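Encoded as structure tokens, the structure appears first; notes follow it.
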Amino acid sequence: MTAPPAPGPIADGSRTQEATAVEVGRLIARSRQAQGLSQAELARRTGLRRELVGRVERGQANPTLVVLIALAGGLGYAIEELVGRECRP
């Protein structure tokens, strides 16, 4: 199954950390729902706990880079596609 188009850019540096976490969570939730996945299925795909997936989606957790990479992969995206930025060294 091919992932839908990347969801688009998020944080632009002018938002608070909390607002960014909420926006990232909403983006992940919309992407998951667009693919017809449950939180439990996304958790299974990523090796994360379902509770963590839910907390990230609700903006109640500030995910590490490792968690974001896992979630992006579970949704069929590269991390830069999920956050809408090109990764540069």
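The values are calculated or read from the model by the stated rules, or taken from the named source; none is laboratory data. None of these values were measured; they are calculated from a predicted model. Don't worry about glycine lacking a Cβ; one is built from the backbone with ideal geometry, like all the others, and counts go over all protein chains shown.
One table, with the values for the structure above:
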{"read-out": "Only one of R15, R55, R45 that is among the basic types (K, R), more than 10 Å from the chain's Cα centre (by Cα) and modelled with pLDDT under 85", "value": "R15"}
{"read-out": "Qualifying residue in the stretch 63-82 (condition: part of a loop (DSSP other than H, G, I, E, B), of a type outside the set (D, E), at pLDDT below 95 and surrounded by fewer than 16 Cβ atoms within 10 Å (Cβ to Cβ))", "value": "yes"}
{"read-out": "Members of the stretch 15-54 found to be surrounded by fewer than 17 Cβ atoms within 10 Å (Cβ to Cβ), free of Cβ contacts under 8 Å to residues at least 24 places away in the same chain and assigned to a helix (DSSP H, G or I), listed by number", "value": "A19, R30, Q33, A40, E41, R44, R50, E51"}
{"read-out": "Those residues of the stretch 64-75 which are within 24 Å of T16 (Cα to Cα) and touching a residue at least 40 places away in the same chain (Cβ under 8 Å), in sequence order", "value": "L68, L71"}
